[in-house]
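Okay, so here's the structure we're looking at.
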Amino acid sequence: MTASPVANLTIADAMAMRERLRKVSDTPDLDVALLLCECLAKPRSYLYSWPERELDLAQIQRYLSLLARRIDGEPIAHILARRDFWSLPLAVSPATLIPRPDTECLVERALEMLAEQDSPAILDLGTGTGAIALAIGSERADAQVVASDFFPEVVALAEQNRIALAVSNVRVICSNWFSSMKGLRFKLIVSNPPYIDPQDPHLDEGDVRFEPRSALVAGNKGMADLFSIIGEAPNFLLPGGELLLEHGFDQGALVRQALRDRGFVSVASRNDYGGNERISWG
Ligand code: GLN
């Protein structure tokens, strides 16, 4: 009989390996828990109810290999190929931005704006995984949502998420911002465009290193795509329609000014869950 390479590893022992993630992760506890859930095919509550349970050999090997990828810096969302956003389990790939909890503020504001509208037409520009469009579409079955992205592999991923979540009122299309929207008019246009300054040192840290630059970075200190969307959006809005944008914590004043200059009224901003100015609208 041969001895197993790692004998008697309990859930508690596996959780204690969080220490190996201190250098790469701000959330080592959550990371080890998510990796263990994946290997055991159990919910998080199981880990805390059965800490003394032993992993079998296949589970140990899988756990150690996933943990090694995380130690190398790979984002949890890429290792699991999944990220929850607004209660929706979304497939994620290295072709897209990993949905952020802060973007849920944009969904909240969109739903507030739509509260008085019947069957509103909505556009989500640069949809990525489809996170925003699918969250709005699943909350508002009467809405007609168009979700667009420039990259065909991203469009395919958003469509895969749409089908998996059975959200039938979202249509995913390929478009370079408004290029495929001729003749269409919307009550609400939303976007979380790339808005990071190419010089931002934050691009060399953590998960963003594994995300596509095309989803993160824009010229003109990160403002180029925000300005171009603000410039074009009025041509695609219904009377009384609104534009709602995510932006960097220090870009709110510039976005509000650009909205006013383009003729938007009732311009305002709101903070994200971290207390940073994150969304603006008009
Ligand atoms: N909020 C993200 C970050 O700072 C960037 C998202 C984006 O560029 N749209 O990592």
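Please treat every number below as a calculation from the coordinates, not as lab data. If you're wondering where the values come from, they're calculated on a predicted model, not measured in any experiment. Note that each Cβ is placed from the backbone with ideal geometry, even for glycine, and that neighbours are counted across all protein chains shown.
Can you tell me which of V154, V208, V172 moves the most in a GNM of the chain? Springs connect C-alpha atoms under 10 Å apart.
Checking each option, the largest mean-square fluctuation is seen for V208.
What do you get for GluC sites (Glu not before Pro) in segment 199-282 restricted to DSSP loop and a cutoff of at most 11 other Cβ within 10 Å of the site's Cβ? Intermediate results must be reported in sequence, preceding the final value.
Details: sites: E205, E232, E242, E246, E277; in loops: E205.
Sparse-neighbourhood loop GluC sites (Glu not before Pro): E205.
Put +1 on the Cβ of each Lys and Arg and -1 on the Cβ of each Asp and Glu in segment 11-73; which of L34, A16, L47 then has its Cα farthest toward the positive end of the dipole?
L34
In Å and on Cα atoms, what radius of gyration and Dmax does segment 11-73 show?
Cα only, segment 11-73: 10.8, 30 Å (Rg, Dmax).
Do the sum for the chain: with -39,500 (n - 2.57) for every DSSP H run of n ≥ 4, divided by all residues, what is the mean residue ellipticity at 222 nm, to the nearest 500 deg cm²/dmol? Can you show the working numbers first?
Working: 11 runs with 102 residues, N = 282.
Per the formula, -10500 deg cm²/dmol.
With +1 on the Cβ of every Lys and Arg and -1 on the Cβ of every Asp and Glu, and nothing else charged, how large is the dipole of the chain about its Cα centre, in debye rounded to the nearest 20?
Details: 28 positive and 38 negative charges, 65 e Å.
Here the chain has a charge dipole of around 320 debye.
If you bin the C-alpha pair distances of the chain every 10 Å from 0, what whole percents do you get?
Bin by bin from 0 Å, the calculated values are 6, 26, 31, 20, 11, 4, 1, 0.
Assign one of three labels to segment 131-193, namely rounded, prolate or oblate, based on the Cα gyration tensor with a ≥ b ≥ c the square roots of its eigenvalues; rounded applies when a/c is under 1.5, prolate when it is not and a/b is larger than b/c, and oblate otherwise.
The shape class here is oblate.
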